[in-house]
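The values are calculated or read from the model by the stated rules, or taken from the named source; none is laboratory data. Given the structure is predicted, the values throughout are model-derived calculations rather than measurements. Cβ sites come from the backbone with ideal geometry, for glycine too, and all protein chains shown count toward neighbours. With ligands, DNA and RNA removed, areas are computed over all heavy atoms of the protein, side chains included. Shrake-Rupley method; radii C 1.70, N 1.55, O 1.52, S 1.80 Å.
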Amino acid sequence: MSHLITSLKSVAIYCRLSKDDGLDGDSSSIQSQRNLLTKYAEDNEWHIFDIYIDDGYSGTNFNRPAFQKMIKDIEQNRIDIVITKDLSRLGRNYIQTGFYTDDYFPNHNVRYIALSDNFDTQKEDDPASDLVPFKNVINEWYARDTSKKIRSVFKMKNKAGILIRRPVPLYGYKYNHENNTVEIDEESASVIKYLFTAYASNTPIAIIKKYLIDNKIHTPGYYAYLKYNYNKERYGAYSEEQKYTWKNCVIDRMLSNIEYTGIYIASKTASINFKNHRRRKVDTKEYTFEGIRPQIISKELFNKVAERKAKTYRPRLQSENEVVLQGVLECAECGRKLNHKNQTLYRKDRNKIYHNHYFACRSKNCSLKAYVKYDDINQIVKNTLSSLKEFLLNKEEKFLEYAKNYKPKIKVDEKKIDTKKLIKDLNIQKAKLENQITNLFEGHVNGNIPTDLFDKLSKKYTAEVNDIIFKIKELTKPKENKETNINYFLQAKEFVDNLKKYNEDICDEEIVHLLINKIIIGKEYYDKSTRSRSNYNVLVNIRFNITNELLEF
């Protein structure tokens, strides 16, 4: 009985299919992956713990729901083996894929098999293992090339003014699916006309909002849910009051949208690159067209509204670097992204104005409330990148040589544990459980224990025994200082190449995001009993897109 328990292998089958792979949905490709891997597990007489499927997810990003679920199961010691059809199904980011195959899986005592690539982490001497880093680079190159082709197609359509449908059309319009055009949606367009007409007539925003609520006019978000079933999880749970509660920012955004004059803006933002999906603003001039979308309001009315807004609204500080750090800054306590805020404050004579330009954590449950002035953090980032650029480029050859020969440091657990005593106690506990399983089996054979109770207790005791076996295996496993196969040289080379592109005067957003992963903002109070705004130092921790230990050379 104990032999059957110890030989039990729990297998995770992982299947992934991207929209860019040229294959459709949960189709034959996903099915063929599932069938191939299931047969392989059954031929080896392994127990399939679960089949994890990410259909329609890119391999460049590892934040996939099924993959993360598999990782959680690995953390809970439920999985012994992970199988994929090939390495590209695991991922197309060569650094992160290498991390999982060479570091994460071995450290969690998980065997990884890429079937078509003939790769098995248990067969370290296999010549196929030497080619894995190159295969990962080729897989990433494929993703990069596909991304370029897709971007070029979208850019070509945008520049040609060809309508690109979105899940939900702009509020005030609707799609004509027969001839692929945009038409005016009379119901919502009447709301747009009212907003512009009322505001141009100097009607206060409060009166406009009261009119919308009294006439029970649905908010744009809820209207999209009713018409197109958009974001059902959010808007479907709205209360009766929320359905008609218009926000000032929504009204302001509509009154500022020049597309209601019949102009079509094909693209306003773009992703940083194929691996970094943060959005950045683009110049809309070359993507602006007329005649594609019908006009709801006249240009004269739009200009009249713009004039009133310019008089009523306080001027906003414009800075070419304003969005550079947006989405990078995080609160040290809650991990939430810091919000950008620009307050325009007037002095007593109302002529002189000054700006309070900053980033702050807006989480209600955060006690830290991280806060940093824009000019301060902008200068810190510029100084840090400039110093790093000067330092690394002066010692580029030594740095790359160091990265080539770099071996990751193994963390040593300072706590001393009596391993022999712990293993002895676990073996005693294991023997008791195995004895209980034997008695349970005999009782079931003799008819003293019903089948449903036998199955329930048998699964429970078996799981406990397997857990003890795993713990003993971990305790008896020799502590080896294994060098991972992550190519630190390529990582360092890519970082240096990006650093060479950095220019403090221009401070290009894409380069900054390629160099910096995130910036953690914290506080250190002088006097902890008095938590005022002026009673602390701002703590800044910059995390770069490179293994931190490499920068300590």
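Of the residues that sit in the stretch 234-245 and are more than 28 Å from the chain's Cα centre (by Cα) and under 10 Å from Gly221 (Cβ atoms), which one is most open to solvent (accessible area, probe 1.4 Å)?
It comes out as Gln242.
Return the only residue of Ile449, Ile468 being modelled with pLDDT of 80 or more, over 25 Å from the mean Cα position of the chain (by Cα) and open to solvent by less than 70 Å² (accessible area, probe 1.4 Å).
None of the others qualify; the one that does is Ile468.
Could you pull out the residue among Ser28, Ser18, Ser7, Ser32 that is over 24 Å from the mean Cα position of the chain (by Cα), modelled with pLDDT under 90 and over 19 Å from Val82 (Cα atoms)?
Ser28
Name the pairs whose Cβ atoms lie under 6 Å apart, with the first residue in the stretch 174-200 and in a loop (DSSP other than H, G, I, E, B), the second of a type outside the set (Gly, Ala, Ser) and open to solvent by less than 60 Å² (accessible area, probe 1.4 Å), and 6 or more positions between them or separate chains?
Asp185/Tyr173
Could you please give the count of residues in the stretch 499-519 that are open to solvent by less than 30 Å² (accessible area, probe 1.4 Å) and either over 30 Å from Lys281 (Cβ atoms) or modelled with pLDDT of 85 or more (or both)?
Taking the stretch 499-519 first, the residues open to solvent by less than 30 Å² (accessible area, probe 1.4 Å) are 499, 502, 507, 509, 511-513, 515-516, 519.
Narrowing further to those that are either over 30 Å from Lys281 (Cβ atoms) or modelled with pLDDT of 85 or more (or both): 499, 515-516, 519.
The total comes to 4.
Name the residue, out of Arg293, Arg350, that is surrounded by 17 or more Cβ atoms within 10 Å (Cβ to Cβ) and either at pLDDT below 80 or not hydrophobic (A, V, I, L, M, F, W, C) (or both).
Arg293 is the lone residue from the list that is surrounded by 17 or more Cβ atoms within 10 Å (Cβ to Cβ) and either at pLDDT below 80 or not hydrophobic (A, V, I, L, M, F, W, C) (or both).
In the stretch 247-263, how many are of a type outside the set (A, V, I, L, M) and under 12 Å from Phe302 (Cα atoms)? Spell out the reasoning first.
Kept after step one, since they are of a type outside the set (A, V, I, L, M), are these residues of the stretch 247-263: 247-249, 252-253, 256-257, 259-262.
This time we only want the ones that are under 12 Å from Phe302 (Cα atoms), so: 256-257, 259-262.
The total comes to 6.
If Glu549 meets every condition in (1) at pLDDT 70 or above; (2) in contact with a helix residue (DSSP H, G or I) (Cβ under 8 Å, 6 or more places away or on another chain) apart from one, which number is that one?
(2)
Do we have Lys369 as under 30 Å from the mean Cα position of the chain (by Cα), at pLDDT 80 or above, surrounded by 11 or more Cβ atoms within 10 Å (Cβ to Cβ) and among the basic types (Lys, Arg) here?
When the stated conditions are applied, Lys369 passes them.
Would you check if there is a residue in the stretch 478-491 being at pLDDT 75 or above and surrounded by fewer than 13 Cβ atoms within 10 Å (Cβ to Cβ)?
no
Please list, ordered by first then second residue, the pairs with beta carbon atoms under 8 Å, 6 or more apart or interchain, first in the stretch 42-63 and among the charged types (D, E, K, R), second at pLDDT 85 or above and open to solvent by 60 Å² or more (accessible area, probe 1.4 Å).
Asp54/Pro65
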